[in-house]
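Worksheet: the structure to be examined is printed underneath.
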Amino acid sequence: MRYLPLLAFVLLAAAAQAQRPDPLQPEGENMATPSTWVVRFDETDHGHHTGHAPTAGADTTADVFFVNMTPGWHITTGPAAIFYHPESTAEGTFRAETLIHLFDPQGRNEAYGLFFGGENLDGEAVAYDYFVLRNSGEFLVKRRAGEETEVLHPWTAHEAIATFGEDTASSVPNRLAVEVGEAEVAFFVNGAEVVRMPRSALRTDGVVGLRINHALNVHVEDLAVTER
């Protein structure tokens, strides 16, 4: 009997993990829009559920293309937006990561990556921190709170960041990870730590998702949260 509480904890943890988006088991058919994800554009005050798309399985809206494409999801943006599944949450100590393939940005130096600590994502008091890259080979850590943004770590070049160039055949992959410890948060690109910050300086508990800026074409091969 003494093992029952531990067993219950393990089962609850497994159930929570199962509710998060699985890049290998799409919600619906490939090339269909996942209906329970939410897209929120920077220009709007409220989230847009992708299931309300005018053409399910094709354009999510007139401004964004977002579909299942196993493994993962394919996204082409108009305006900048965040993409998230409401059940993809994390708290305490955890690791959040994503593998994103950037297709030809056609000279645009727009950012893409992870957000975490998301709260009130469907309202005016939206708040989250985000860790993004751009094709100049730089990374940034920033915060959004309502209509305001705050730079937490400025654009910084790092050799670990892969960039799309003239010799790139199709796309360039970068794996971004945010590892939240009890006192510090470490940020990684392709396995290399690029910066470490005090946990007290960041929002950590909340929704984890994707942030993709203006006019980018990306394939998100993986998005995962692992409790530590």
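Given 37 °C and 0.692 mPa s, how large is the Stokes-Einstein diffusion coefficient of region 55-180 in µm²/s, with Rh as the Kirkwood radius over Cα pairs?
Working: Rh = 16.0 Å.
For the chosen part, D equals 205 µm²/s.
A P(r) calculated from all alpha carbon pairs of region 156-203, with 5 Å bins opening at zero, reads 5, 20, 23, 18, 15, 9, 5, 5, 1 percent. If one computes the Cα centroid of region 196-228 and of region 111-134, what distance in Å separates the two points? Centre-to-centre (Cα) distance: 7 Å. Taking each residue as 0.36 nm, the span from E148 to T226 lengthens on full extension beyond its C-alpha to C-alpha distance by 25.1 nm.
Any chance you could run the full-extension gain for E91 through E184? It's 0.36 nm times the residue separation minus the Cα-Cα distance, nm to one decimal. Please report the intermediate quantities before stating the final value.
Numbers: separation 93, 0.36 × 93 = 33.48 nm, distance 1.38 nm.
Full extension from E91 to E184 adds 32.1 nm.
No lab work stands behind these numbers, since they all come straight from the coordinates. The shown structure was predicted, so the numbers you read here are calculated from the model rather than taken from an experiment.
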